[in-house]
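Shown next, in structure tokens, is the structure this report addresses.
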Amino acid sequence: MTNILQDSKLLFTLVTLNDSYMRKIGILIGGGECPGVNSIIKSIIPKSLEHDIEVYGFRHGWEGVLNNDVRKLTLEEMDEAHILGCPMIESSRVNVLQHPDAYERCKANLDALELESVIVIGGDDTLGVADHFQRKGINVVCVPKTIDNDLSGTDYSFGFDTASYVATEAIDRLHTNSKFNSRCFVVEVMGRNTGWIALQAGLAAGAHIVLIPEFPRTLDEIAGIIEDRKQNGKFYTIICVAEGFDLEEMNIDYDALGKDDYGNIRMEQKHIAATLAALLEEKTGIKTRFSVLGHMIRGGVPTAFDRVLGSKFGAKAVELIVEKQYGYMVALQGSSIVAVDLEQAIVRKKVDEEFYHASGYHSYQY
Ligand code: F6P
């Protein structure tokens, strides 16, 4: 009898000890949706539990931390979250730094929940807030999630491959219309201030001209290529333009454009495809149509590459959490998943000369 009592006392002590030693972390997603973001979360939860770490999900990115909008994420819930479906935790573009006491409120909420760190999944805006908070005392490990692929230190961010693939398919289809009707087609893709998606998709789909913010071209040059092609019996031209591209002749009034919470210009309000198509038609006399792919490339079924990349990023993030290595972003370099300094990661990565030249779009010899 005494032995049984002692055993159950020991068991109780162990359970209590185990409970109090269970580490706890938070997780949040900020910014635009990326196909298959659940693959990151599906990798994080079981791996964390393997290391006795409980995971709490904040709704609506950093706003959820500010407002303490949080719930515990479970293995059961994860089982039901399909990799193709809507993310298990909602995102937002709310910039919490606009609140004067944002850090104090976020820190207090994390401390009250006894969360020792947060896995932050997002692009430069969300990770910029993470960097700011990290310096003040909130422990973070970040995961690059942006279709724009503009975070430094990583060859690819999660979502870029899918977005580029969807855009490629769309341009493939527009070839038919353009060739059949002997017309010019301008296809606009997202990417904010960089041309990664435009160049990747344009090259993959055989666009004849790719216009990106990093490498300016004049209206005369663009029209010249279309006219050259016509002279050579090629009566159709496909142009893939990044939303961040600009031309003097477009006279865009940037002050009149809307901005998001982080001060980013609402690129779709530039109407670049429509304006460029009108200018080209006027200059060349060739019928020109346009299409804006917009948010279409950001949703739906992820590529195998993004699904696997998400899982690998999630696993690496947990590894860093286990080792209590904070202030890093997980990254893909070659075929290795590594950790890079957050401060360096949030510097905008532009399309490099090497890729642009390799694509051939600098010379336009078609
Ligand atoms: O940063 C990702 C991105 O899709 C950009 O390419 C685009 O300019 C922006 O988000 C659109 O933002 P929203 O979803 O708020 O319209």
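Please treat every number below as a calculation from the coordinates, not as lab data. Keep in mind that this is a model prediction, so the values were computed, not measured. Cβ sites come from the backbone with ideal geometry, for glycine too, and all protein chains shown count toward neighbours.
Here are a few things to note about the model shown:
- Rel. contact order, % - alpha carbon contacts under 8 angstrom, at least six apart, the chain: 22 percent
- Helices that extend 24 Å or more along their long axis by alpha-carbon positions and average at least 0.0 on the Kyte-Doolittle scale are, among the DSSP H runs of the chain, 2-21, 304-322.
- Efficiency of FRET from Cβ geometry, His357 and Glu76, R₀ 41 Å, rounded to 0.05: 0.20
- Considering the range 111-211 at the alpha-carbon level, its Rg and Dmax are found to be 18.7, 65 Å.
- Checking every one of the trypsin sites (Lys or Arg not before Pro) in the range 161-262 against DSSP loop status and a limit of 13 other Cβ atoms within 10 Å picks out no site at all.
- Taking Val94, Val37, Val143 and counting other C-beta atoms within 10 Å, the order from fewest to most: Val94, Val37, Val143
- Rel. contact order, % - alpha carbon contacts under 8 angstrom, at least six apart, the range 163-299: 33 percent
- Scattering curve values for the range 63-120, log₁₀ I(q)/I(0), Debye with Cα scatterers, q = 0.17, 0.21, 0.22, 0.26 Å⁻¹: -0.69, -0.93, -0.98, -1.15
- Positive-end extreme of charge dipole, the range 22-98 - chosen from Pro35, Gly64, Met88 (charges on Cβ): Gly64
- Its Cα gyration tensor gives the chain an equivalent ellipsoid, and the semi-axes of that ellipsoid, as √(5λ) in whole Å with the largest first, are 48, 20, 16.
- Solution diffusion estimate, µm²/s, Stokes-Einstein, the range 163-299, Kirkwood Rh from C-alpha pairs, 20 °C, viscosity 1.002 mPa s: 144 µm²/s
- Measuring against 19 Å, Cα to Cα, the residue pairs Lys270/Lys349; Lys42/Lys312; Lys179/Lys287 contain Lys270/Lys349 as the ones spanning a longer distance.
- For the range 302-345, the list of trypsin sites (Lys or Arg not before Pro) that fall in a loop by DSSP and count at most 16 other C-beta atoms within 10 angstrom reads Lys324.
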